[in-house]
Amino acid sequence: MAESAAPVPVDPVAGLIDIPLPAAVSLWPQTWTARIAIALLIAGFIVGAWRLIRTWHANRYRRAALAELERIARSPMAGDQAATLALLVRHTALAAFPRAQVATLAGPAWLAFLDRSYGGDEFSRGAGHVLDVAPYAPAGAATQDPRALIDLVRRWIRGHHA
């Protein structure tokens, strides 16, 4: 008797064929409306960023004026504070408005201009009335309430409109 040959094990995976993979999916949208919407979003972002940068550059005089105002508010010179604030308001107005509109104003016309640009009457009837004569007052002449004047100037710097 001949020895029988051992059965050869059959590999069950040997006959399988790899499944073909689908083509890679594009991340670019397939419809034109989606492409246009994405283009409009990108354009809107660019325009918004450009306007934000332009506004930030246009308001750098405000940031400089507010920094100067904080320096004036911390300084101990109470008598000269009103005169210094008057000069700060004048310089800020010259930076924000056309020179021909601001440079010639003095007295009640100057205070009326500040009221118009701010939207109130605190310069002609309130704490801001001292800005008219403060640069010409003798050194050391104190105002009645320097805190109210500083707060008014701060609000004007932040809120005036050209």
What do you get for the angle between helix 81-96 and the principal long axis of the chain? Use alpha-carbon atoms, 0 to 90 degrees, nearest ten. 50 degrees
Quick one: helix 32-58 against the long Cα principal axis of the chain, what's the angle to the nearest 10°, folded into 0 to 90? 30 degrees
Per principal axis, largest first, the Cα atoms of the chain extend in Å by 137, 40, 22
Using alpha-carbon coordinates, inclination of helix 60-74 to the longest axis of the chain, degrees: 60 degrees
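Of VAL133, VAL153, how do they rank once you tally other Cβ atoms within 10 Å and put the fewest first? Please report the intermediate quantities before stating the final value.
Values: VAL133 13, VAL153 26.
Going from sparsest to densest Cβ surroundings: VAL133, VAL153.
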Cβ density ranking, 10 Å radius, fewest first, applied to SER124, SER75, SER117 yields SER75, SER124, SER117
As a test of the formula, what do you get for the chain when each DSSP H run with n ≥ 4 contributes -39,500 (n - 2.57) and the sum is divided by the residue count, at 222 nm and rounded to the nearest 500 deg cm²/dmol? -17500 deg cm²/dmol
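Ranking request for peptides 50-59, 95-104, 81-90: highest mean number of other beta-carbon atoms within 10 Å first, then the rest in descending order.
On the way: 50-59: 10.2, 95-104: 12.6, 81-90: 20.5.
Those peptides, ordered most packed to least, come out 81-90, 95-104, 50-59.
Where a number appears in this text, it was derived from the coordinates with a stated rule and is not lab data. Computed from a predicted structure; not experimentally measured. Counting neighbours? That spans all protein chains shown, and the Cβs are built from the backbone with ideal geometry, glycine included.
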